[in-house]
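Here's the structure, in structure tokens; my notes come after.
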Amino acid sequence: MTTSKKSTSVQQVEPEEKEPTSVAGLVLENRLGYALRRAQLSVFKHFNEAMQEYEIRPAQFSSLVVIEGYPGITQTNLAKILDIDPPRIVSLINNLEERGLALRVRCKRDRRSHGIFLSKKGEALTEQLKELAEQSDINATQALSEIERRQLLSLLVKIYAADTIEE
């Protein structure tokens, strides 16, 4: 029995003079997921630069703001609101506690759970960070008018809010 081997040859080509620098003309240009991810990278770059002095990451900032808005929130509920895995939220809260920004207090109703509160230091820092985050958003979206920025935000909220309703 004989087997025939298919011959595949690779054609050598000369590289283009210029390396590609964008996805213009490719299907990615029209994919929402790709555009959202690229926009997220740009927004997070601005955010991280603004928060660098305070060593605050996006999830930490979001946690501080939610804890400020819902004093005594449990870590389970915080994890659900922010869509963060429970083990990750534990280390995040541990970090905030170690830095003196938040504290856990045993709940009177359910002695097994703890409410999370901002410390005085955490309250003061959160106020500063909210201002920095607002300026960071403005810097990241400087190519948009204020109306376009509000419209973009409204549309993005509409997308993720619809997903939250389904859960």
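The values are calculated or read from the model by the stated rules, or taken from the named source; none is laboratory data. Since we're looking at a predicted model, the values are computed, not measured. Here Cβ is always computed from backbone atoms with ideal geometry, including for glycine, and neighbour counts include all displayed protein chains. All accessible areas refer to the heavy atoms of the entire protein, side chains included, with ligands and DNA or RNA removed. Shrake-Rupley method; radii C 1.70, N 1.55, O 1.52, S 1.80 Å.
Condition check for L36 on (1) closer than 18 Å to G122 by Cβ; (2) surrounded by fewer than 13 Cβ atoms within 10 Å (Cβ to Cβ): one failure, at (1).
Among what's in segment 16-33 and is in a loop (DSSP other than H, G, I, E, B) and open to solvent by 100 Å² or more (accessible area, probe 1.4 Å), pick the residue that is modelled with the highest pLDDT. Quick ask: steps written out before the conclusion?
Here is the first cut: in segment 16-33, the ones in a loop (DSSP other than H, G, I, E, B) are 16-26, 31.
Checking which are open to solvent by 100 Å² or more (accessible area, probe 1.4 Å) leaves us with 16-21, 31.
Working: E16: 63, E17: 70, K18: 80, E19: 86, P20: 85, T21: 85, R31: 93.
The residue in question is R31.
If you filter segment 82-99 down to residues that are in contact with a helix residue (DSSP H, G or I) (Cβ under 6 Å, 6 or more places away or on another chain) and open to solvent by 30 Å² or more (accessible area, probe 1.4 Å), you find that the one that is nearest to Y54 (Cα to Cα) is L82. Between R150, R88, which is assigned to a helix (DSSP H, G or I), within 23 Å of D163 (Cα to Cα), without any contact (Cβ under 8 Å) to a residue 60 or more places away in the chain and within 17 Å of the chain's Cα centre (by Cα)? From the options R150, R88, the qualifying one is R88. What are the pairs, 6+ residues apart or on separate chains, where a residue within segment 104-133 that is closer than 28 Å to F47 by Cβ has its Cβ under 9 Å from a residue that is among the hydroxyl-bearing types (S, T, Y) and assigned to a helix (DSSP H, G or I)? Partner pairs satisfying both residue conditions: I116/S63; L118/T126; L125/Y54; Q128/Y54; L129/Y54; L132/Y54. Contact annotation: no residue pair with Cβ atoms under 7 Å, 6 or more positions apart or on different chains, pairs a residue in segment 38-55 that is of a type in the set (S, T, N, Q) with a partner that is exposed (fewer than 13 other Cβ atoms within 10 Å of the Cβ) and modelled with pLDDT under 95.
Checked against the criterion of being open to solvent by 70 Å² or more (accessible area, probe 1.4 Å) and in a helix (DSSP H, G or I), the candidates Q52, Q60 yield just one match: Q52.
Table: residues versus (1) under 24 Å from R57 (Cα atoms); (2) open to solvent by less than 80 Å² (accessible area, probe 1.4 Å).
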| position | (1), (2) |
| --- | --- |
| G122 | yes, yes |
| T141 | yes, yes |
| S145 | no, yes |
| Q151 | no, no |
| K158 | no, no |
| A162 | no, yes |
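Looking only at residues of segment 106-120 that are farther than 17 Å from G69 by Cβ and open to solvent by less than 60 Å² (accessible area, probe 1.4 Å), we find that the one that is farthest from the chain's Cα centre (by Cα) is D110. Candidates in segment 15-62 are the residues that are among the aromatic types (F, W, Y) and more than 12 Å from the chain's Cα centre (by Cα); of these, the one that is nearest to L118 (Cα to Cα) is Y54.
Against the list (1) at pLDDT 95 or above; (2) open to solvent by 40 Å² or more (accessible area, probe 1.4 Å); (3) out of contact with any Asp or Glu (no Cβ under 9 Å at 6 or more places or on another chain), the condition I67 fails is (2).
Collect the residues in segment 118-139 that are of a type in the set (A, V, I, L, M, F, W, C), under 30 Å from N94 (Cα atoms) and assigned to a helix (DSSP H, G or I), keeping them in residue-number order.
Here is the first cut: in segment 118-139, the residues of a type in the set (A, V, I, L, M, F, W, C) are 118, 124-125, 129, 132-133, 138.
This time we only want the ones that are under 30 Å from N94 (Cα atoms), so: 118, 124-125, 129, 132-133.
Those that are of a type in the set (A, V, I, L, M, F, W, C), under 30 Å from N94 (Cα atoms) and assigned to a helix (DSSP H, G or I): A124, L125, L129, L132, A133.
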